[in-house]
1. Looking at this structure, is Glu49 out of contact with any Ser or Thr (no Cβ under 7 Å at 6 or more places or on another chain) and surrounded by fewer than 10 Cβ atoms within 10 Å (Cβ to Cβ)?
2. Go through Asp24, Asp55, Asp39 for me and flag whichever is open to solvent by less than 90 Å² (accessible area, probe 1.4 Å) and charged (D, E, K, R).
3. Pull up region 1-60, narrow it to residues that are β-branched (Val, Ile, Thr) and part of a helix (DSSP H, G or I), then point me to the one that is farthest from Leu72 (Cα to Cα).
4. So, of the residues in region 61-77 that are in a helix (DSSP H, G or I) and touching a Leu at 6+ places or on another chain (Cβ under 9 Å), which turns out to be surrounded by the most Cβ atoms within 10 Å (Cβ to Cβ)?
5. Failed condition for Tyr80, given (1) touching a helix residue (DSSP H, G or I) at 6+ places or on another chain (Cβ under 6 Å); (2) loosely packed, with under 11 Cβ neighbours inside 10 Å, with all others met?
Amino acid sequence: MNQEKIEKEILATDDDAIAKTDWDAIWKKKYPILSRYPDEVDVESFVPELVALLDRLQKENGYSRVDAFLVLKDILGHIYKRR
């Protein structure tokens, strides 16, 4: 499936269907690490720093909670691509 077809499918999908989709289950099927890491990683040790970054994005840029999350996720994605 090419990028244009994927984009068309995403944009054509009803918001209610998207909201009812269990995205966690789908991503866990594609990337099994997402099922395993909670048993392998001290997740709580990452929480304070991540919350601080989210709060900083909200405060400094006036972003909503969701927008701050999406921006932080996007920043992490860009870092991943560079490495």
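1. Spelling it out, Glu49 is indeed out of contact with any Ser or Thr (no Cβ under 7 Å at 6 or more places or on another chain) and surrounded by fewer than 10 Cβ atoms within 10 Å (Cβ to Cβ).
2. Asp55
3. Step by step, filter region 1-60, then rank; the result is Ile6.
4. For region 61-77, the residue satisfying everything is Ala68.
5. Against the list (1) touching a helix residue (DSSP H, G or I) at 6+ places or on another chain (Cβ under 6 Å); (2) loosely packed, with under 11 Cβ neighbours inside 10 Å, Tyr80 comes up short only on (1).
The values are calculated or read from the model by the stated rules, or taken from the named source; none is laboratory data. Just so it is clear, the structure is predicted and the values come from calculations on it, not from any experiment. Backbone-built Cβ (ideal geometry, glycine too); neighbour counts: all protein chains shown. Protein only, heavy atoms only, side chains kept; ligands, DNA and RNA dropped before computing areas. Shrake-Rupley method; radii C 1.70, N 1.55, O 1.52, S 1.80 Å.
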